[in-house]
1. Taking the Cα atoms only, what angle lies between the long axis of helix 38-60 and the longest principal axis of the chain, rounded to 10 degrees?
2. Stretch ASN35-ILE17 to full length: gain in nm at 0.36 nm per residue minus the Cα-Cα span?
3. Kirkwood hydrodynamic radius (Cα pairs, Å) of the chain?
Amino acid sequence: MIFRSKADNFFVAIISITILNIGAVTLLPVFIDKNASAAVITIMFALFIVSAGIIVWTAFFI
């Protein structure tokens, strides 16, 4: 038998705010910088996806 706790609204809100914060830190500089290369855009977007994925996975699936 596996125990799974129920995620309440506050927990989901904190996780959402955290992901939005990480998105702002990683993606906003790419949109502000007009001379960003495709490699920089790809790396920053990949970092955001990996970071958000790890947070969601640890928060809801472990």
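The numbers here are math on the coordinates, done by the rules we state, and not lab data. Computed from a prediction, not measured in an experiment: that's the story for all the values here.
1. Here the helix axis deviates by roughly 10 degrees.
2. Working: separation 18, 0.36 × 18 = 6.48 nm, distance 2.87 nm.
Full extension from ASN35 to ILE17 adds 3.6 nm.
3. On the way: mean 1/r = 0.0757 Å⁻¹.
It is 13.2 Å.
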